[in-house]
Each structure stands twice: as C-alpha cells, then as structure tokens.
Amino acid sequence: MEFIFNVPSKVMFGEHYSDNTGQYFKDADVDKIMCIYDQGVKSTGIVDRVLESVRGEGIEVLEFGEVVSDPPAGLIDQAAAIARKEKVQGILGIGGGSTMDTAKCVNALLGNEGKILDYAHDYDTMKCPGGYLILVPTTFGTSSEVTDGGVLSVPDEKRKVSIWGKNLGADLAVIDPVLALGIPKGITAATGMDSLAHAVESYMSMIATPITEAISLQAIRTIIEYLPKAVEAGSCLENRTGMCLGCLTAGLAFNNAFQNQGHGLAHPMGAYWHLPHGVACAIALPFSIKDNVHAVPEKVRALGEIMGLKLPEEMDNDELGTLVAERVEAFADGIGIPNLKELGVEPSLIETVAEAVKSEPDQYTYPHIPKTEDMVEFLHKNYDK
C-alpha cells in the first residue's frame, strides 16, 4: 500500500482564536500585510474586529476589499500588483471561499512572477513560496483554508480555472466557530452542501486512501447531523461548531482525494448560470451518486446507511443509486436548496453546460466518466421538478 496525505495548513480551531490574529503574524516576524475581503463580510464588523488585533501588534495593514463571487483572474492580478508594489510580507484573507481563493492566489504571486493564469496549466507550477498567509473563514463550506488550491473565473471564456500547488496553501488556518453565528440560513445551507459534496465526492474518488475514506465518512456523519440544525438554529454555537468541524474534515479529505463529476458539473453550472458554488454542488451531487453507483456500489450503500436508509443486502445497483441520490436530494430540499427553475436559469443552456464537463480537469479521479446525455436528462429533471 502506498499513498501520500497532505495537510498544507497549520490549523487552529477554537472559539475566539481569530482575536489573536495579530499575535500569529507577529510570531512569524511579519510587519506589513494586505488584508483581503469582500464588502459583505466587512459590513458585519468581523474584518474590523480581526484587524484591531493585527494593528494592536504594530503591524501595518493595507486593505483590499474588492473581492467578488467567482473572482476573475484580472482582479487577482490587480491585487497582486498592489501587494508587490507595497512590499507586503503577508496576506490575511477574511471571508468565504472567493475571498480565501483570492488571498491564496495573490499571496502566491508575491513569490512568483507574471499573472495568475500563467500558472493555470499544470499542478505545482508556482515554484517559490509567497508571503506568510493566514486565512480566517467566515462561511464554513469551501474548506479553502485547508486546501492547496484556488478557483478563479475567466468571464470572457465562461469558464472556471483551478490553480493548485504546494505554495498555494495557507500557513495558518484560523477556524473560529463564533464567526459563524451570524450567517444567514441560505448561505448556511449552500456552504454546508458544498462541504457535503467535498466529503461524498472525496469518499467515492478513484484516488481515495484509507485515511481520506475515514475522514470523508466522519465529515459526512458530522454534516448530516449538524447542517439542518445550523440552518434552523444558527445562533446555537454547538451547531455552528459542528458545521465548522464538518467543513474542516471534508476539506482535509478533499485536498487529497479530490472531486468527481459532482464538482465537474457544478463548475460549468456556475460559469454559465452564475449560481452560488454551494448551490450548484448541492444540485449536482445526486447525479454524481447515480452515475458512480456501478463503479463504487459499496460506497454508495455506506452513504445511504449514514443517511438513515434501510437497504436490503441484495439489490440492483440502479435502484441503490436512485434511492441514495433521492435521499441526498431530499436532504438538500429540506434545508432550502432551490431547483434550477427557482434559480431562474436559462434552460436553453443545459446542453452547453453538460458538454462543458468534458473540459473539466482531474477526471482520473472519477469512478465513471459521465455521458453528456445523462447530465442533460438530470438537469432537465431538476429544472422541471
């Protein structure tokens, strides 16, 4: 047996750990940073609270608050140009997945020449480390704080691009469940389903290992238990802590075993329809289960049993995949994930979206290569339900 397990970030998990962010930079001998965030998280007061700690340690702060959902490559190049000119020594990302992916890519460009798309073709092409990178998540779904990759968009080409490598990961991930207390129900549901997709897809992956399988299963159990509670009782710190832990463990598995056709379908759904990533993943996850059941039936069965299904010992794989996929879809419906019609997408693009999956990278991790016609049928059924 041979495998590699990578944890790119040191993790600090606990209530109010984010209040000590300034000390973490000071311990790393950092005197000047760029803080990256979006205006939504700025409006909550979280950014100012964390930066109070940083400035309190005498660290100079340059703020960049222009992050948008599905960050375009040009925005990352813009922020990196400012960071290079100002000679910052570290980057602080505070927010959701788009912010953390932006922060990771900007930080990597501190140590590597050129523009971000110069590094989009192969794994680990950024050969030099950037500055000292701290990520403080506030939505708890993408797990970007513990992965060594980032996703950006190329709007003119209607596609998303992944940047991966050992110099993309954060030096320190500060996971503070207290920051999750103010997250609205819709964002909680969407980001939680993103975490569930990470856990399920990494579990079914063709490069899963005994370590990732164990972590994936634990993440699935944790998310199934706590996500509905967090949606309905978001002010409960126990529920939020449970989801923070589920997101963390799902990310650790996902960073090593990667995705399959769930994310492969979700990416073009986001690129063409501009859907929130977690919503797209939630819609696509049942397809991944149905499409993979013939390759990994025992794993699909395990997922169904975790979700409370009583499955006969002997049953047809098609029936098994359908039952488990329907249970996952019902779970998503129960926490308020909308269907494609409710999201107002243009159904005439369904075939285009499905066809775009062929261009998604990392298909060696897919237990089964999906057929375009199957994805088209699936998306139409979701639209019409």
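If I filter region 48-68 for residues that are in contact (Cβ under 8 Å) with a residue 60 or more places away in the chain and either open to solvent by 10 Å² or more (accessible area, probe 1.4 Å) or farther than 29 Å from residue 239 by Cβ (or both), do I get at least one hit?
No, region 48-68 has no match at all.
Only one of (1) without any contact (Cβ under 8 Å) to a residue 60 or more places away in the chain; (2) part of a helix (DSSP H, G or I) fails for residue 308. Which number is that? Condition not satisfied by residue 308: (2).
Residue pairs whose Cβ atoms lie under 9 Å apart, separated by 6 or more positions or on different chains, with the first residue in region 362-380 and under 19 Å from residue 259 (Cα atoms) and surrounded by 16 or more Cβ atoms within 10 Å (Cβ to Cβ) and the second at pLDDT below 95 and among the hydroxyl-bearing types (Ser, Thr, Tyr), are 362/162. The number of residues in region 259-275 being surrounded by fewer than 24 Cβ atoms within 10 Å (Cβ to Cβ) and within 12 Å of the chain's Cα centre (by Cα) comes to 0.
For region 326-345, check the following and say yes or no: at least one residue is over 30 Å from residue 184 (Cβ atoms) and not charged (D, E, K, R). No, region 326-345 contains no residue that is over 30 Å from residue 184 (Cβ atoms) and not charged (D, E, K, R).
Looking at 287, 254, just one residue is touching a Pro at 6+ places or on another chain (Cβ under 8 Å) and touching a residue at least 24 places away in the same chain (Cβ under 8 Å), and that residue is 287.
A quick yes/no check of all residues on (1) small (Gly, Ala, Ser); (2) modelled with pLDDT of 95 or more; (3) touching a helix residue (DSSP H, G or I) at 6+ places or on another chain (Cβ under 7 Å):
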{"position": "269", "(1), (2), (3)": "no, yes, yes"}
{"position": "281", "(1), (2), (3)": "no, yes, yes"}
{"position": "285", "(1), (2), (3)": "no, yes, yes"}
{"position": "297", "(1), (2), (3)": "no, yes, yes"}
{"position": "306", "(1), (2), (3)": "no, yes, yes"}
{"position": "310", "(1), (2), (3)": "no, yes, no"}
{"position": "318", "(1), (2), (3)": "no, yes, no"}
{"position": "330", "(1), (2), (3)": "yes, yes, no"}
{"position": "333", "(1), (2), (3)": "no, yes, no"}
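The set of residues in region 230-239 being of a type outside the set (S, T, N, Q) and either part of a loop (DSSP other than H, G, I, E, B) or closer than 12 Å to residue 189 by Cβ (or both) consists of 230, 231, 232, 233, 234, 236. All of (1) more than 22 Å from residue 194 (Cβ to Cβ); (2) part of a loop (DSSP other than H, G, I, E, B); (3) touching a residue at least 24 places away in the same chain (Cβ under 8 Å) hold for residue 122 with one exception: (3). Out of 73, 83, one residue alone is farther than 23 Å from residue 178 by Cβ, touching a residue at least 40 places away in the same chain (Cβ under 8 Å) and surrounded by fewer than 22 Cβ atoms within 10 Å (Cβ to Cβ). It is 73. For region 188-222, the tally of residues that are surrounded by fewer than 21 Cβ atoms within 10 Å (Cβ to Cβ), touching a Pro at 6+ places or on another chain (Cβ under 9 Å) and either at pLDDT below 95 or more than 21 Å from residue 123 (Cβ to Cβ) (or both) stands at 0. As a summary of the residue check, residue 117 satisfies the conditions (1) within 20 Å of residue 38 (Cβ to Cβ); (2) under 21 Å from the mean Cα position of the chain (by Cα) except for the one numbered (1).
Among the residues of region 111-122, at least one is of a type in the set (Val, Ile, Thr), modelled with pLDDT of 95 or more and more than 17 Å from residue 10 (Cα to Cα).
Within region 136-149, does at least one residue satisfy the condition of being part of a helix (DSSP H, G or I), buried (at least 19 other Cβ atoms within 10 Å of the Cβ) and not acidic (Asp, Glu)?
Taking region 136-149 first, the residues part of a helix (DSSP H, G or I) are 144-146.
Next, from what is left, pick out any that are buried (at least 19 other Cβ atoms within 10 Å of the Cβ): 144-146.
Adding the requirement that they be not acidic (Asp, Glu) leaves 144, 146.
Checked region 136-149: at least one residue is part of a helix (DSSP H, G or I), buried (at least 19 other Cβ atoms within 10 Å of the Cβ) and not acidic (Asp, Glu).
For region 316-361, the candidate set comprises residues that are more than 29 Å from residue 221 (Cα to Cα) and of a type in the set (Lys, Arg); within that set, the residue that is least open to solvent (accessible area, probe 1.4 Å) is 341. Taking (1) modelled with pLDDT under 95; (2) out of contact with any Phe, Trp or Tyr (no Cβ under 7 Å at 6 or more places or on another chain); (3) open to solvent by 20 Å² or more (accessible area, probe 1.4 Å) in turn, residue 161 satisfies each apart from (3). Residues in region 187-204 that are under 10 Å from the mean Cα position of the chain (by Cα) and charged (D, E, K, R): 194 only. Scanning region 173-186 for residues being out of contact with any Pro (no Cβ under 7 Å at 6 or more places or on another chain) and surrounded by 21 or more Cβ atoms within 10 Å (Cβ to Cβ) gives a total of 7.
The values are calculated or read from the model by the stated rules, or taken from the named source; none is laboratory data. Computed from a prediction, not measured in an experiment: that's the story for all the values here. FYI the Cβ positions are ideal-geometry reconstructions off the backbone, even for glycines, and counts take in every protein chain you see. Ligands, DNA and RNA are stripped out before the accessible areas are found, and what is left, the full protein with its side chains, is counted by its heavy atoms. Shrake-Rupley method; radii C 1.70, N 1.55, O 1.52, S 1.80 Å.
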